[in-house]
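Visitor: Dumping the structure here so I can ask a few things about it.
The values are calculated or read from the model by the stated rules, or taken from the named source; none is laboratory data. Owing to the predicted nature of the structure, the values given are computational and were not obtained by experimental measurement. Virtual Cβ from ideal backbone geometry, glycine too; neighbours counted across all protein chains shown.
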Amino acid sequence: MIKRLLIANRGEIACRIMRTAQARGIHCVAIYSHCDKNSLHVQHANEAWCIGENLAQHSYLDINKIIQIAKQSQCDTIHPGYGFLSENANFAEACTQQNIIFIGPPADAIRQMGSKIEAKERVSNANIPLLPGLDLSNLSETELLQQAPKLNYPLLLKASAGGGGKGMRIVEKPQDFLDAFQRAQSEAEKSFGDKALLAEKYLREPRHVEVQIFIDQHGNGVYLFDRDCSIQRRHQKIIEEAPAPFLNENLRKEMGESALRAAQCVHYVGAGTIEFLLDSDHQYYFMEMNTRLQVEHPVSEFITGLDFVDWQIDIAEGKPLPLQQSELCEQGHSIEVRLYAEDPQNEFLPSTGSLQQLQFPQENIGLRIDTGVQESDEITAFYDPLIAKIISHGDNREQAIQKLLFALQQTKISGIRTNLDYLKSLLQSKAFKQGLLSTHFLAKHPLVFTASDKEVDSAFFIAALACYLFEIQSAQPEPWKKQRGWRLNQDSRFPVSLRHFSTNKTLDKNLVVKAPGENKFSIEDENKSLSICYFPSDDKNKLHFCIENQTPVFISVFHQGKNITLHFTNYSLTFVRQILSSDNFQQSQSSERAFNHAPMSGRIVEIFCSAEQALVKGSPILAMEAMKMEYIIKAPEAGQVTQFHVQTESFIEEGRPLFDFQKEK
């Protein structure tokens, strides 16, 4: 019996594991880096130990430290969660050597399935379809040039040890092969310490379908049906659903049985996922195996009614699987979205800052929210940008979509940029509802997820009224310090300057504010007038409005410091108040951050050029990394860097200068 469990992870997955383990009476030990000391997973644990510095390499990826803490805290078991060390064979081996139970597969199985090249070799004898391809790891440059014209184009170059889209390149024609190979190999070596590549046939619009499997220590195995994870950006999943829609039962059964054979061929034990690519003819091909619990496991839990962490612990304790394949069934449909701290309007760059407001709807029988953060937490650049997973379950796919959309519409976040509005738009898109799923969905079906200029203009008036009311609530004792502009025999005037958080566009107005009735206001300038109903709130930082003579949509307003966030049904807008006097107005203008300033908070990974070096347009200057994403800053035109303000491995805050750049004369 497992008595003391160390969770070698953080965030929502650590909290999720604790929920099940603590319900079984297991004492849960958390680890945390310096910036995670007040995090939710630390608060939920029975005890917590500091693992070290913020960088994952010095904390959550330090095998020796984790093993040492496990021994000191007298833990008999470690659960790795997902990410970090969850698929690290050396970690699994180190646990075994220290007589600590590792909740996961044997180290040999991790190694065999961790290499895409070896995994394909293993499953090739198990009668599982494979994409045509070639192992490039042992070929010389001369051999590569000889093979390139013979390959089946378009093809996909993949890092054998890779994941998350790193070390991947699509090659359309033979003459592009060598350059793409060298770039993919370099990225693979930097990311995984292994430059081995393989080439595979590239499917134009495949679906990404995966199968959940479990195998116990006695050799019993089952598959717990399938999931569709096709909707991705940069090879990262953002929506998953189970079961995979629009597949016939024979195909689903065949894929499930193939997945089980693939796992059994490496003597697998525990929870795992076999990932397939499905072409337009519904022919499936083995892609890879994830030797851990998946991020998206809740959708499979919803349709099966099972607790996968509970099963993992049972298997680790040597118990047989509680159900056989014939006893498993699925009910309804489940969809999960990943709510990320990122900016969809700016290439999905990571967003850092304080969660000034974080409000989720109440969980219920058809809605689940897995999160590892709470209001006022700081989102840093050190780890994955996941804020929460929001999961719905319904009798069918249409019902699951509507439940999830309603949950997202009730979710309110202020303080950082997120993909919340993007997800709402995605769920409402006609293509998604029709199930036109492929890994190229987002490129093929662009989403409109931002407010129109007209909507932003109306929102400005509402934000201005909110500023007016918040100012009244603050009850300045000295009338001369109030911003409201009283005039003898004239309407009250309210000078206000608001900067739109996303576009940096600033609007300056001297508004007329009238109160024609109780909790009713009219706010106007020389061109526009809005009649707005106001609904007080018990929370001094929140107000509620609706615009008269329009579809009755309530607008929730959150105020924190200088920030005013307006939550509409399908989008949110944040304005930052600029303090100006009534006589000090400037013409509205847009401002854009210069390209040589940090677009996000993060670490400098590599500097590609030296100061004074001549650069052509598009030359890479430096690479930054934040939240597991690498971003390369390139020269916008010919010129040179005259001075660098950063160095490799240094950490820099968003907006700070990186280097000075001089255009070519």
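Visitor: Just give me the residues in segment 386-402 being surrounded by fewer than 22 Cβ atoms within 10 Å (Cβ to Cβ), in contact (Cβ under 8 Å) with a residue 12 or more places away in the chain and assigned to a helix (DSSP H, G or I), in sequence order.
Guide: Result: 397, 398, 399, 401.
Visitor: Only one of these is of a type outside the set (Lys, Arg), at pLDDT below 85 and buried (at least 23 other Cβ atoms within 10 Å of the Cβ): 161, 242, 184, 188. Name it.
Guide: Criteria check complete, one pass: 188.
Visitor: May I ask you to list the residues in segment 17-49 that are under 22 Å from residue 90 (Cβ atoms) and without any contact (Cβ under 8 Å) to a residue 40 or more places away in the chain? Working first, answer last.
Guide: Within segment 17-49, the first condition is being under 22 Å from residue 90 (Cβ atoms), and the residues that meet it are 17, 29, 31, 33, 49.
Residues satisfying the conditions are 31, 49.
Visitor: Taking the options 191, 160, name whichever one is touching a Gly at 6+ places or on another chain (Cβ under 9 Å), farther than 22 Å from residue 648 by Cβ and outside the structural domain of residue 629 (by TED's automatic domain parsing).
Guide: Just one listed residue meets the conditions, 160.
Visitor: Give the residue that is nearest to residue 22 (Cα to Cα), with candidates limited to residues of segment 50-95 that are of a type in the set (Asp, Glu) and touching a residue at least 24 places away in the same chain (Cβ under 8 Å).
Guide: 76
Visitor: Moving on to the next point. Suppose the filter is buried (at least 18 other Cβ atoms within 10 Å of the Cβ) and free of Cβ contacts under 8 Å to residues at least 40 places away in the same chain; does residue 372 pass it?
Guide: No: the conditions fail for residue 372.
Visitor: For segment 531-561, which positions are within 19 Å of residue 509 (Cβ to Cβ) and more than 38 Å from the chain's Cα centre (by Cα)?
Guide: Within segment 531-561, just 531 meets the criteria.
Visitor: Could you check segment 642-665 and list, in sequence order, the residues that are in a strand (DSSP E or B) and either touching a Cys at 6+ places or on another chain (Cβ under 6 Å) or free of Cβ contacts under 8 Å to residues at least 24 places away in the same chain (or both)?
Guide: Looking only at segment 642-665, we keep the residues that are in a strand (DSSP E or B), and these are 642-644, 651-652, 657, 659-663.
Residue satisfying the conditions is 662 alone.
Visitor: All but one of (1) touching an Asp or Glu at 6+ places or on another chain (Cβ under 6 Å); (2) buried (at least 24 other Cβ atoms within 10 Å of the Cβ) hold for residue 225; state the number of the condition that does not hold.
Guide: That leaves (2) as the condition not met.
Visitor: What single numbered condition from (1) modelled with pLDDT under 95; (2) farther than 21 Å from residue 273 by Cβ; (3) part of a loop (DSSP other than H, G, I, E, B) fails to hold for residue 374?
Guide: All conditions pass for residue 374, except number (1).
Visitor: For segment 41-67, which residues satisfy the criterion of being within 24 Å of residue 111 (Cβ to Cβ) and either in contact with an Asp or Glu (Cβ under 6 Å, 6 or more places away or on another chain) or of a type in the set (S, T, N, Q) (or both)?
Guide: Answer for segment 41-67, where residues must be within 24 Å of residue 111 (Cβ to Cβ) and either in contact with an Asp or Glu (Cβ under 6 Å, 6 or more places away or on another chain) or of a type in the set (S, T, N, Q) (or both): 57, 64.
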